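**Student:** Okay, here's the structure, questions in a sec.
The values are calculated or read from the model by the stated rules, or taken from the named source; none is laboratory data. Being a predicted model, the structure only gives us computed values, none of them experimental. Ideal geometry is used to build each Cβ from the backbone, glycine not excepted, and the neighbour counts take in all protein chains shown. Only protein heavy atoms, including side chains, enter the accessible area calculation; ligands, DNA and RNA are left aside. Shrake-Rupley method; radii C 1.70, N 1.55, O 1.52, S 1.80 Å.
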Amino acid sequence: MLSKEQIEANKSTIIRLLNNTNREGIENIIKYLIKSDFFNIYSSLTRHHNWPGGLAQHCLGVYNIAKKHAEGIAPDSVIIAAILHDICKAGMLKYDNNGTPRPRKVHIYGHGRRSVKIIEDVCHFKLTDEERLAIRWHMGGKHAPDYARHEVEMAHNSKLWKIIHSADHQDAALGKRI
C-alpha cells in the first residue's frame, strides 16, 4: 500500500522525467496521464502492484531498472518506453458503490497495442520505431498472430525492447503481494 505522499512523489517524478525528454507533444502525454487515473490506479487487480498507485509505481520501477542497462540507447527512449508501456491500463478500472475496483470492458485487445494506440492516436505523440516496438511487444509477443511475427522478431533484435521486456518482468516480480 502506498501513502498519498508516495503516490504524489511518483507522479512528480514521472512528470519531471517526461518533461526532461523535451520531445514535441510530450505535454499531450502528461495531460492524458493527469486527466486519467494513471497515478492512482492499480497495475492489476490480481497480479503485480495490485494496490492504489501501483501502475505508476510499476512504470517508474521499470524505468529505474531499465536505465541501469541502457548504455548506448537514447535516454528519452528509455523514459518513454518504460513509463508509457502500460499507459492503456489507465481508465481500465471502475469502482463499485463500495469502492472496490472492477475491470472495464476492453475494446482493443492486447495491452501493448492499446498503449501504442493511446500514445499515437489519442495523445498525438510520435514514437520512434524502436519505442513503438518496445511498447507494443513488451510482453514478448509469444501469442502474436502470424502476420505480426516479423515485427516481433524485429522487436526481439532491439536493445530497447530487451531492456524494457526484462525490466518489466523484474519489476513485476518485485511488486507481487505476498
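**Student:** Here are some pairs, LYS4/LYS67; LYS4/LYS31; LYS35/LYS159; LYS31/LYS142; LYS4/LYS89; LYS35/LYS176; which of them have Cα atoms lying more than 23 Å apart in this structure?
**Tutor:** Values: LYS4/LYS67 26 Å; LYS4/LYS31 20 Å; LYS35/LYS159 32 Å; LYS31/LYS142 33 Å; LYS4/LYS89 20 Å; LYS35/LYS176 27 Å.
Long pairs (Cα-Cα over 23 Å): LYS4/LYS67; LYS35/LYS159; LYS31/LYS142; LYS35/LYS176.
**Student:** Roughly how many whole Å is it from the C-alpha centroid of segment 121-163 to that of segment 1-79?
**Tutor:** Segment 121-163 and segment 1-79 have Cα centres separated by 19 Å.
**Student:** Placing unit charges on C-beta atoms (Lys and Arg positive, Asp and Glu negative, everything else neutral), compute the dipole magnitude of the chain about its Cα centre in debye, rounded to 20.
**Tutor:** 540
**Student:** Continuing with the same structure: May I ask for the net charge around ALA144, where only other residues with Cβ less than 15 Å from the Cβ of ALA144 are counted and Lys, Arg are +1 while Asp, Glu are -1?
**Tutor:** Working: positive: ARG113, ARG114, ARG132, ARG136, LYS142, ARG149; negative: ASP146, GLU151, GLU153.
Summing Lys and Arg as +1 and Asp and Glu as -1 gives +3.
**Student:** Considering the chain as a Gaussian network with a 10 Å cut-off on Cα pairs, which listed residue, PRO145, PRO75, PRO52, attains the greatest mean-square fluctuation?
**Tutor:** Per the Cα network of the chain with a 10 Å cutoff, PRO145 tops the list.
**Student:** Taking mean projected area of the Cα convex hull in nm² straight from the coordinates, which label in (i) 10.3; (ii) 10.8; (iii) 9.7 is the correct one?
**Tutor:** Looking at mean projected area of the Cα convex hull in nm² for this model, the match is (i).
**Student:** Under a crude label model (7 Å from the Cα following the beta-carbon direction), how far is ASN28 from MET154 in nanometres?
**Tutor:** It works out to 2.1 nm between the two label points.
**Student:** So, with a 1.4 angstrom probe, what is the percent of accessible area on the chain that is carbon and sulfur?
**Tutor:** Taking all protein chains in place, the chain shows 51 percent carbon and sulfur surface.
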